[in-house]
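J.: Quick one: this structure, given as structure tokens, is what I'll be asking you about.
What follows draws every value from the coordinates through simple rules; no lab data is involved. Because the structure is predicted, anything quoted here is derived from the model rather than measured. With ideal geometry, Cβ positions are generated from the backbone for all residues, glycine too; neighbour counts draw on all protein chains shown.
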Amino acid sequence: MCFSAANRVKMEQSTATLLMDLKLQGMRGSLSQRLKHGAEADLGYEDFLSLLLQDELDYRRNTRIQRLLRAATLRQAASLESLDLPTQRGLDKKQRHAVVKIRQPRNLQYSLPKTRQK
């Protein structure tokens, strides 16, 4: 099915509006990029939809992590990417690799210092 460029733009804008109404911001943000990629790579409907859904899932995970980090009110802003591994921190090589392999916040364990009650 061939559409003129004007019709394609109009359909893309209409789809973006629908995605915004459905609160699918991740899909809306990557729609134009995925349409170009899909046309170039000759993707099927299932592959195209799968990519859009993965974009939405990534967007939601990232916004959740950002929201949790803001709510955590950490003393210092730090990330695993900014960890200086050559610095001596009392970690052996296996422990450093274990720290780097952590990918999702649910894998982290938080411990609070015990307070003495008088």
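J.: At 0.36 nm per residue, minus the direct Cα-Cα distance, what do Leu43 and Gln13 gain on full extension? Give it in nm, one decimal, please.
T.: Working it through step by step, the gained length comes to 8.7 nm.
J.: Across the range 46-62, in residue order, what do the Karplus-derived ³J(HN,Hα) couplings come to in whole Hz, using 6.51 cos²θ - 1.76 cosθ + 1.60 with θ = phi - 60° and x for Gly and Pro?
T.: Rounded to whole hertz, the list is 5, 5, 4, 5, 4, 5, 5, 5, 5, 4, 5, 4, 4, 4, 5, 5, 5.
J.: What does the convex hull of the Cα atoms of the range 5-74 come to per residue, in Å³, rounded to a whole number?
T.: Numbers: hull volume 6.8 nm³, N = 70.
Measuring per residue, one finds 97 Å³ for the Cα hull of the range 5-74.
J.: Arranged from highest to lowest average of other beta-carbon atoms within 10 Å per residue, in what order do the peptides 40-48, 67-75 appear?
T.: Per-residue Cβ counts within 10 Å, averaged per peptide and sorted highest first, yield 40-48, 67-75.
J.: So if R0 is 41 Å, what FRET efficiency would Lys23 and Gln76 give, r being the distance between their Cβ atoms, rounded to the nearest 0.05?
T.: My answer for the efficiency is 0.80.
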